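Each reported figure results from applying straightforward, stated rules to the coordinates on display, with no laboratory input. Quick caveat, the model's predicted, so the values are computed rather than measured. Neighbour counts run over all protein chains shown; Cβ positions are idealised from the backbone, glycine included.
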Amino acid sequence: TLVARSLLANDFQEELVIRPLHSGDIYASFQFRTLWETDFMRENKVSHYRLFPKSLGQVISKFSVRELHISFTQGYWRTMQWGQPFLPSPPGAELWVWFQDSVTDVDAAWKELTNVLSGIFCASLNFIDSTNTVQPSASFKPLGIVNETDHRFLRYATLPREIVCTENLTPWKKLLPCGSKAGLAVLLKSEKLFHSSFFSQTVHIRPVCQDRECKTTSWELRQTLNVVFDLHTSGQGKREWSLFKMFSRTLTEACPLASSSKIYIDVTDNPQEEYFELSPATPLLSQAVVLGDRRTFSVYDLTQQLFKSVSDLLPAGSMLRPLLHAERYVAGYGLQTGEIHTVMYNNHPFRSFPVLLLDSVPWYLRLYIHTLTVTSKGKDNTPSYIHYQPSKDRMRPHLLEMLVQLPPHSVTEVTVQFERALLKWTEYTPDPNHGFYVGSSVISALVPSSVAMDTNITQEQPLFSSFFPCKEESSYFVRVYTEPLLVNLPTPDFSMPYNVICLTCTVVAVGYGSLYNLLTRSFQIEEPNPRLAKKIANFIRRIRGVPLLS
Amino acid sequence: MAAPLTLLLVVAVTIRAALYRSSLAEVIAERVEVVSPITAWKRVIEGLALLDLGVSPYSGDVFHETPLVIYLFHFLVDYAEITFMLADVISAIALYLAVKEYNKQVVRKKQKFALEADRYPQDCLELIRSPKEMLYIPLKVAMFYLLNPFTILSCVAKSTCGLNNAVISLFILTTIKGNALLSAVFLCLATYQSIYPLTLCAPAMLYLMQRQYIPVNYRRASFWWFVVQYLFMYLGSLFVLICLSFFLLGSWDYLPSVYGFILSVPDLTPNIGLFWYFFAEMFEHFRLFFLCVFQINVFFYTVPLSIKLKDHPVFLMFMQLAVISIFKSYPTVGDIALYMALLPVWSHLHRFLRNIFLVSCVLLACSVLFPVLWHLWIYAGSANSNFYYAITLLFNVAQILLVSDYFYAFLRREHHLIHGLYLKKKDGSEATLVLK
């Protein structure tokens with residue numbers, strides 16, 4: 001029991017899910033989970049770290065963090081072609097944090113936290129400030145243990161312009177117990193990972209219950225890496241892929257610190273092995289309900305056997321059509337006004353369900369909320385809950401949250417007009433004509449499921465299916481991110497500050513000068529006094545020898 | 001005079017109603033020359049919508065109107081067009097009556113007494129106006145206001161500048177009629193809407209003192225007693241209004257949102273004024289300094305002008321209105337229309353005006369070029385902000401020249417009335433007058 005206890009106290013699991021997608025791409029999702037039964041909020045600080053990374057442990061205790069979710073993504077997830085991801089993430093960087101109730105100044109803690117995380121992940125998260133941070137009131141509920149939710153302790157920010165590269169992957173890999181030396185992390189080499197259609201690395205920290213009565217809680221650290229490879233563009237002419245071809249590395253051994261190390265290959269569309277063949281073959285099959293769909297997986301336990309390749313992979317049969325899907329675009333022309341359109345698709349044939357739409361728009365696009373229209377199937381669809389916080393120039397962005405009921409098999413369009421502001425010349429980025437990014441909209445919903453979902457939290461489930469807590473059997477939680485927008489603003493001429501100051505002051509001086517003249521001088525009869533002119537004229541006349549003037 | 005005035009009102013209302021019904025109304029309501037962040041109708045609707053959503057309109061940075069405007073339009077939002085047309089009509093009638101009363105005073109008090117007292121030199125009798133000449137001036141003033149394209153545009157755009165103009169016109173009317181209390185109340189309303197009419201305190205006090213035969217001499221007690229009375233009425237009504245606004249929404253949020261916004265100019269939306277591009281291109285280090293300089297510039301001419309024009313308070317009022325319209329932080333064409341409406345009152349100065357042709361050509365050309373260069377910058381993308389800024393500069397220079405020209409002509413006429421019209425030099429040849 002002592003061994004079991006200590007195992008429970010500090011546990012590391014890793015898994016890799018490979019799913020061939022309908023469009024011919026391969027979706028690989030790495031999940032690394034560390035569980036640690038400890039109390040970071042204690043007075044005497046935790047000093048002996050074994051599997052849990054020390055940098056993150058110190059962040060949690062110093063800033064009294066209850067939950068931390070950070071993601072770095074490159075590329076946009078194409079829901080209609082690829083289905084729903086296991087863990088959604090928006091393009092760029094996204095950070096949302098729930099602080100403990102004991103924090104007195106949440107904004108100061110947030111500012112320090114973003115700077116510390118910026119150092120840990122080598123990313124420019126220090127650009128997160130009050131102009132792009134919002135406090136959502138409904139869309140981001142805690143994913144771990146929920147006591148009471150006072151939204152004053154929640155902060156959410158995105159940086160759509162943030163680029164992900166090897167510099168961000170390296171510190172992320174360092175947080176793993178085995179590093180990139182053993183286990184699944186051996187496959188994570190950047191030259192193949194960044195040659196993909198979609199790359200996302202995330203870190204999620206939250207407190208979880210260890211048993212059903214929740215007598216003991218432990219801290220869970222999940223690191224996930226989702227990547228979608230396009231086999232056609234990466235030069236794979238034949239339909240044959242292996243781990244070496246995808247990652248240019250092979251697995252050597254399981255991580256010795258891991259309690260379980262598994263690979264799941266999605267074989268739902270290959271029940272009789274007629275489309276593709278796994279090599280080496282495995283008799284282990286498991287079924288899991290994930291994202292409202294029951295899928296079959298071939299399981300490879302790395303502690304026993306290593307997986308190598310798959311031959312002749314044909315496009316999979318039919319994919320479960322994603323029930324919720326969204327798009328977003330900017331309409332209008334010119335640099336004065338515009339309209340943001342968010343389009344949400346409900347593909348369920350007969351069920352309608354409500355969705356929470358969260359929009360955070362920067363302050364320099366002035367939204368006019370009286371122009372907000374929500375239409376479904378051409379008719380007006382009034383949201384039942386609207387939370388709108390208008391922006392303050394140079395201080396906070398707009399926050400719009402709405403609860404919209406999507407009718408079955410319909411398209412709902414949300415439009416709102418905005419006006420583009422002219423900024424001070426120092427507030428533009430060095431490439432002002434590239435445009436300004438508006439972060440993705442977040443659409444959160446409980447989507448009805450045709451398959452009964454598993455509500456038992458502590459049962460042995462694969463990691464990829466147990467991230468979002470499941471409260472009821474008939475629906476599952478889905479979060480969809482739209483595209484970020486790129487909007488142009490009118491620009492002043494950046495070469496002109498001194499000229500403008502001079503010219504405008506000249507005009508003011510013209511006004512001042514004429515009024516000053518009229519106020520301080522009086523009219524007098526002009527006495528011509530050309531003495532000097534007469535002298536010069538006479539002088540010239542004398543030289544010429546011509547009679548002088550009188 | 002009632003019949004021509006009624007006809008004028010009918011024509012003006014018809015033009016406005018026709019434009020309201022046409023598709024031009026939405027286009028005009030978006031034009032930056034006609035609406036500014038303080039006066040735009042879209043923002044009034046936005047403020048009312050925020051109030052309906054349960055959010056204070058002043059929590060964001062979109063709404064900058066005073067609480068009394070919220071209160072007014074809460075009830076009148078469906079009759080907005082009629083409200084703005086009525087505001088224009090009230091302005092026109094108020095200016096008409098004010099100018100009529102002023103002309104009566106000019107004829108009766110100044111000219112009649114001065115003629116009888118033989119104060120004018122013989123040869124400048126042609127500078128004196130006869131009542132017959134001045135008969136049509138009030139109608140011309142009303143016409144200049146109602147049929148001015150700037151006013152029509154401002155009304156069709158439903159810019160709250162029309163309401164400000166109505167209040168200022170009522171202030172002018174009550175001042176010229178001699179009613180000190182109402183004059184203080186309307187001035188306080190005008191100041192409450194936008195801070196700058198504060199400078200009109202001086203001409204109002206000077207005029208009322210002149211009318212009540214109180215000598216304008218700072219050594220006399222009666223002068224200070226009148227100033228204290230007037231300021232008491234003015235500050236008292238201002239205090240009442242501010243407290244009423246507090247009770248309307250229950251917070252002081254509107255003070256930084258309205259007055260802080262007007263004074264600190266955070267919004268750099270282009271308009272016809274000088275502030276926007278100046279502060280868009282300002283070095284951060286000097287921003288506060290130049291902000292103070294530009295704001296003081298508006299208030300700064302009050303004292304010198306009052307000293308120079310203490311015997312001519314109505315012309316001083318005109319000068320102050322012009323200075324406010326040119327140098328305020330968010331000017332629109334509606335502000336310009338107000339002081340231009342008063343130009344017919346000084347039509348007798350035309351013989352001394354020097355630049356009027358140049359100024360009118362420049363004003364006309366700039367008015368045409370504003371929408372063209374805006375389109376080229378914002379929509380076509382082939383010009384940049386400098387083009388629009390240049391036209392702004394020209395427009396303001398033309399206005400300054402116009403105002404200083406009228407000032408020059410006024411002072412010159414006064415000089416001729418004292419010293420004679422045809423002046424001769426010591427040797428008998430014709431003299432030229434210069435400012436020295």
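Here are a few things to note about the model shown:
- With Cα atoms, 0 to 90° folded angle of helix B:287-300 axis to chain B main axis: 40 degrees
- Loop-resident sites, segment A:166-231, for GluC sites (Glu not before Pro), counting at most 11 other Cβ within 10 Å (DSSP): A:Glu213
- Label point 7 Å beyond Cα of B:Lys424 along Cβ direction - residues of segment B:94-137 with amide nitrogen under 20 Å: B:120-127
- Contact order relative to length of chain A, as percent, for alpha carbon pairs under 8 angstrom and 6 or more apart: 15 percent
- With coordinates expressed along the principal axes, the C-alpha atoms belonging to chain B extend over 75, 54, 52 Å, beginning with the largest.
- In range of the label at A:Asn488: residues from segment A:330-368 whose backbone nitrogen is under 15 Å from the point 7 Å along Cα→Cβ: A:330-339
- Based on DSSP H segments of at least four residues, each scored -39500 (n - 2.57), chain B has a per-residue ellipticity at 222 nm of -20500 deg cm²/dmol.
- Helix B:41-53 and the longest principal axis of the Cα set of chain B meet at an angle near 40°.
- Label point at B:Val11 placed 7 Å out along Cα→Cβ; residues across segment B:133-170 whose backbone nitrogen lies under 14 Å: B:139-149
- Ranked packing of B:152-160, B:345-353, most packed first, by mean Cβ within 10 Å: B:152-160, B:345-353
- A:Asp211 versus A:Gln405: modelled label distance in nm, points set 7 Å from Cα along the beta carbon direction: 4.3 nm
- Protection proxy ranking of B:128-134, B:172-178 - average other beta-carbon atoms within 10 Å, highest first: B:172-178, B:128-134
- Annotation for segment B:331-348 versus segment B:376-436: alpha-carbon center distance of 16 Å.
- Annotation for B:Phe232 and A:Phe539: the two label points, set 7 Å from Cα along the Cα-Cβ direction, are 7.1 nm apart.
- Quotient of Cα Rg and 2.2 N^0.38 Å for segment B:279-340, N being how many residues it contains: 1.34
- Shown for chain A are the DSSP H helices of 24 Å or more along their axis, judged by Cα atoms, with a mean Kyte-Doolittle hydropathy of at least -0.5: A:497-520.
- Residue of B:Ala337, B:Ala92, B:Ala25 that the Gaussian network model of chain B assigns the largest fluctuation, springs spanning Cα pairs under 10 Å: B:Ala25
- Result for chain B in a Gaussian network model with C-alpha springs under 10 Å: among B:Pro215, B:Pro67, B:Pro203, the largest mean-square fluctuation is at B:Pro215.
- Working from Cα pairs under 8 Å separated by at least six residues, relative contact order for segment B:146-279 is 18 percent.
- Ignoring lysines fewer than eight residues from B:Lys112 along the same chain, the ones with Cα atoms less than 19 angstrom from its Cα are B:Lys100, B:Lys104, B:Lys132.
- Along its three principal directions, the equivalent ellipsoid of segment A:6-130 from the Cα gyration tensor extends over semi-axes of 31, 21, 11 Å, largest first.
- Surface/4 of the Cα convex hull for the protein assembly as shown, nm²: 56.4 nm²
- Stretch gain in nm, segment B:Ser22-B:Ser347, where the contour uses 0.36 nm per residue and the Cα spacing is subtracted: 113.4 nm
- For A:Asn10, the residues whose amide H sits under 5 Å from its own are A:Glu37, ignoring neighbours fewer than 5 places away on the same chain, with H placed 1.01 Å from N.
- Sorting the segments B:244-253, A:68-77 by their residues' average number of neighbouring beta-carbon atoms within 10 angstrom, most packed first, yields A:68-77, B:244-253.
- In this structure, B:His375 and A:Met395 have a Cβ-Cβ separation that, at R0 = 25 Å, corresponds to a calculated FRET efficiency of about 0.15.
- Sparse-neighbourhood loop sites, trypsin sites (Lys or Arg not before Pro) in segment A:372-448 - DSSP loop, at most 12 other Cβ within 10 angstrom: A:Lys377
- Computed over the alpha-carbon atoms, segment B:333-432 gives an Rg to Rh ratio of 1.18, Rh here being the Kirkwood radius from the mean inverse distance.
- By the rule of a C-alpha distance below 18 Å, with chain neighbours fewer than 8 residues away ignored, the aspartates and glutamates paired with B:Lys425 are A:Glu526, A:Glu527, B:Asp123.
- Counting Cβ atoms of other protein chains within 10 Å of each Cβ in B:401-407 and taking the mean gives 3.
- Most mobile of B:Ile93, B:Ile307, B:Ile336 in a GNM of chain B (Cα contacts under 10 Å): B:Ile307
- Partners for A:Lys262 among lysines (Cα-Cα distance below 17 Å; same-chain residues under 8 apart left out): A:Lys181, A:Lys308
- FRET efficiency, A:Ser102 to A:Gln135 (Cβ-Cβ, R0 30 Å, nearest 0.05): 0.95
- Convex hull volume of segment A:321-454 per residue (C-alpha atoms, cubic angstrom): 145 Å³
- Only Cα sites of chain A enter the Debye sum here, all with the same form factor; the resulting log10 I(q)/I(0) across q = 0.05, 0.08 1/Å is -0.28, -0.59, listed in q order.
- In segment B:2-419, Cα pairs under 8 Å separated by at least six residues give a relative contact order of 20 percent.
- In this structure, A:Ile145 and A:Phe350 have a Cβ-Cβ separation that, at R0 = 35 Å, corresponds to a calculated FRET efficiency of about 0.45.
- Peptide B:272-283, shielding by other chains (average Cβ, 10 Å cutoff): 6
- Considered as an equivalent ellipsoid built on the Cα gyration tensor, segment B:1-122 has semi-axes of 42, 20, 13 Å, the largest given first.
- Summarising the label geometry, the points placed 7 Å from Cα in the beta-carbon direction at A:Tyr498 and B:Leu135 lie 6.4 nm from one another.
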